[in-house]
Amino acid sequence: MPDARSALDGASEAGFVKVEEMGLQGMITLRGDLAAEELQAAATAATGVDMPDRTGIRTARDGGNALAWMAPDELLVMVPYAEAEERLAQIQAALEGRHVLAVNVSDARALFRLSGGPQVREVVAKLCPVDMAPAAFGPGMFRRTRLAQVPAAFHMPDADSMVIVCFRSVAHYVYKLLCDAAATDSEVRYHV
Amino acid sequence: MLMLTCPNCGVTGEESEFAPGGEAHLKRHGPGSSDEEFHAYLFAKENPRGVHFERWRHANGCGKWFHAARCTATLEVFGTYSAQTTEPPKDIKDKISAKRPGWSWREVE
């Protein structure tokens, strides 16, 4: 089997912030009762991070592992791409017999990173109907929303960068949108 | 602009993040009901100028359904509440009464 490739093979473009496609990321959708101790333990065991709060994300120090709150009954488990199947089996074994659903969705998604300063907020604010003021959105929060015409989610690993998750099928559209919104000299300077 | 707060995830978003689901608290008339009841269930919808109850789905967010009480004339949202209810809860009705004294909607008041 040929090697797995990410949607845009790491394409990048520099505007007033840098837009880059992040490459392969292992992702497991875990659905079930998020309040159940077994489910929390399984998610924590697979990633090494604690359960996030509602609409939050917890990221491991090295950045490869994370747990993101997607919905009242849905968790996004982020793991290194090469380990996704192994971690999935681990979760499924831990929750056998429980009313849960765990699926490897790594190849169904695309990730983008915006970096280069607090202006990354401006790029997202141009595309999403979300209050991007520093007081309203910051690191540790995970927001699912609409990015122009497609569903997407984003979070800030730190105050100067942004990670955007979308479906792989719309990766090229999202990349073009982000590049356009980040075009040189197009800062709005509303939030920053 | 219509701003809704999803009671399932707590996110306050703009209308385009949500999908409208029509009138709330409809009683389904299916097999065994009269033609009049079935016709009313399908077609006789409220279209008020003022207080209205609707179903919404957080389509581009957590994906869950919920109910919203709002004013169709001003887009003021009186409150949002769980989809798992058959009538508006008392606290929502009290909020509406405080702002729109004498309001009524179908048999709710």
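Numbers at a glance
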quantity	calculated
Cα-based convex hull volume of the stretch A:26-106 per residue, rounded to whole Å³	72
Within chain A, helix-based [θ] at 222 nm, where runs of 4 or more DSSP H residues each add -39,500 (n - 2.57), nearest 500	-6500 deg cm²/dmol
Of every Cα-Cα pair in the stretch A:16-66, the percent that sits beyond 15 Å	56
Computed E for A:D158/B:L42 - FRET, C-beta separation, R0 51 angstrom, nearest 0.05	0.45
Cα-based Kirkwood hydrodynamic radius, the stretch A:87-192, one decimal, Å	15.2
Stokes-Einstein D (µm²/s) once Rh is taken as the Kirkwood radius of the stretch B:49-101 over alpha-carbon pairs, at 4 °C in 1.567 mPa s	112
Cα centroid separation - the stretch A:86-135 against the stretch A:160-191, whole Å	16
Where labels lie 7 Å past Cα in the beta-carbon direction, separation of B:E15 and A:A60 in nm	4.5
Globularity index of chain A, i.e. its alpha-carbon radius of gyration over 2.2 N^0.38 Å	1.03
Dipole magnitude of the stretch A:26-106, debye to nearest 20 (Cβ charges: Lys/Arg +1, Asp/Glu -1, about Cα centre)	160
Residues with amide H under 5 Å from that of A:M70, placed H, sequence gap 5 or more	A:L75, A:L76
Chain B - Cys residues lacking any other Cys C-beta under 4.7 Å	B:C6, B:C71
Debye, to nearest 20: dipole size of the protein assembly as shown, +1 on Lys, Arg Cβ, -1 on Asp, Glu Cβ	620
Cα centroid of the stretch A:1-24 to Cα centroid of the stretch B:51-109, whole Å	44
Charged-residue dipole, Cβ positions (Lys, Arg, Asp, Glu), the stretch B:49-101 about Cα centre, Debye nearest 20	80
Cα convex hull of chain B, projected area averaged across orientations, nm²	7.4
Positive-end extreme of charge dipole, the stretch B:66-109 - chosen from B:S82, B:S97, B:H67 (charges on Cβ)	B:S97
Range in chain A, longest, excluding exposed trypsin sites (Lys or Arg not before Pro) [loop by DSSP; at most 11 other beta-carbon atoms within 10 Å]	A:62-188
13 Å beta-carbon shell around A:H172, net charge (K/R +1, D/E -1)	-2
Qualifying trypsin sites (Lys or Arg not before Pro) for the stretch B:39-109 [loop in DSSP, other Cβ within 10 Å: at most 14]	B:K45, B:R49, B:R106
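Read-outs throughout are calculated quantities, based only on the coordinates presented, and are distinct from any laboratory measurement. These numbers come from a predicted model, not from an experiment. Here Cβ is always computed from backbone atoms with ideal geometry, including for glycine, and neighbour counts include all displayed protein chains.
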